[in-house]
1. Alpha carbons only, please: Rg and Dmax for the range 127-194, in angstrom.
2. At a 1.4 Å probe, what is the % contribution of carbon and sulfur to the accessible area of the chain?
3. At 0.36 nm per residue, and after removing the present C-alpha to C-alpha distance, how many nm does the segment from LEU124 to LYS152 gain when stretched out fully?
4. Once the convex hull of the C-alpha atoms of the chain is built, how many Å³ does it hold per residue, rounded to a whole number?
5. Given a 1.4 angstrom probe, what's the average accessible area per residue across the chain, in square angstrom?
6. Could you work out the local net charge near ALA41, counting Lys and Arg as +1, Asp and Glu as -1, over the other residues with Cβ closer than 14 Å to its Cβ?
7. Provide Rg and Dmax in Å for the range 51-93, with only Cα atoms included in the calculation.
8. Mind jotting down a quarter of the surface of the convex hull over the alpha carbons of the range 69-184, in square nanometres, one decimal?
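The values are calculated or read from the model by the stated rules, or taken from the named source; none is laboratory data. Worth saying up front: this structure is predicted, and the values here are computed from it rather than measured. Neighbour counts are summed over all protein chains in view; Cβ atoms, including those assigned to glycine, are modelled from backbone coordinates with ideal geometry. The area values use the complete protein model at the heavy-atom level, side chains included, leaving out ligands, DNA and RNA. Shrake-Rupley method; radii C 1.70, N 1.55, O 1.52, S 1.80 Å.
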Amino acid sequence: MNNNEFNNQENTENYSSQDAGIELLHRVIESNKAVEISGKAIFHIYCDIKEDVKKIQALAHEENLKRQALLKSIPNNIVAELSPDGIKHLEKFHQKSDTVKNWFFGIVALLLVAFFIITATVYLGKNWYRESIRTKTEVREEILEEIKDENKAIYETEQVKQLEHNTALMKKWMKKNPKDAEKFLKFKEGYESR
C-alpha cells in the first residue's frame, strides 16, 4: 500500500467517525428535547392537580360548615304525646299480645308432647322390629334343628328334579338291560356296604 492510499483511507475513517459522532450528538439533543417536553407536561399536570385539590378542600370546608349548621338546627328533645285513641289501640294491642303469648306457650307445649310421642314411637318400633327379626331367626333355627334331628335335609328343587330324572332314566335302562342291571345292582350293594 502506498502513502496516498493510506492517507485516503485514514481520511475516510475520520469522516465516518465524525459523522457517527454528529449523529450521536443529534440523538442526544432529540432525547433531551423529548425529556424537556415530557417534564413540562408533567409540571402542567402537577399544577392542575394542585388546583383541583385546593377546590376540593374548599368544597369540603363548605360542606362541613353546612353540616354543622344543620346539626345545630335539629332540636335535642322531641315531645311525643299519644291521643286517647292511640292509648285505646295500645291497650287492645296489649290484650291481644297476652292472648298470643298464651297461644304460643300452648303450641310449644303441644310440640313438646308431639316430639316425645314421636320419639317413644320410634324407640318402641325399633325394639319391636328387632324382636320380630330375632323371633323369625329363632323360629328358622328351631325348624332347621328339627329337620336335622330327623335326619332330613333341605335341597334345592332343581337338584331334586335332576335326581328324579336320573332315577327314571336308570329304571328305563334296567328294564331294557336286565342282565347288566343285575351286575349294576350287585356293584351298588357292595359299594353301599362299605
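1. Answer for the range 127-194, Rg first and Dmax second: 21.0, 68 Å.
2. C and S fraction of accessible area: 62 percent.
3. That works out to 6.2 nm of additional length.
4. Cα convex hull per residue, to the nearest whole number: 769 Å³.
5. For the chain, the per-residue accessible area is 99 Å².
6. In short, 0.
7. That works out to 21.9, 65 Å for Rg and Dmax.
8. Result: 24.2 nm².
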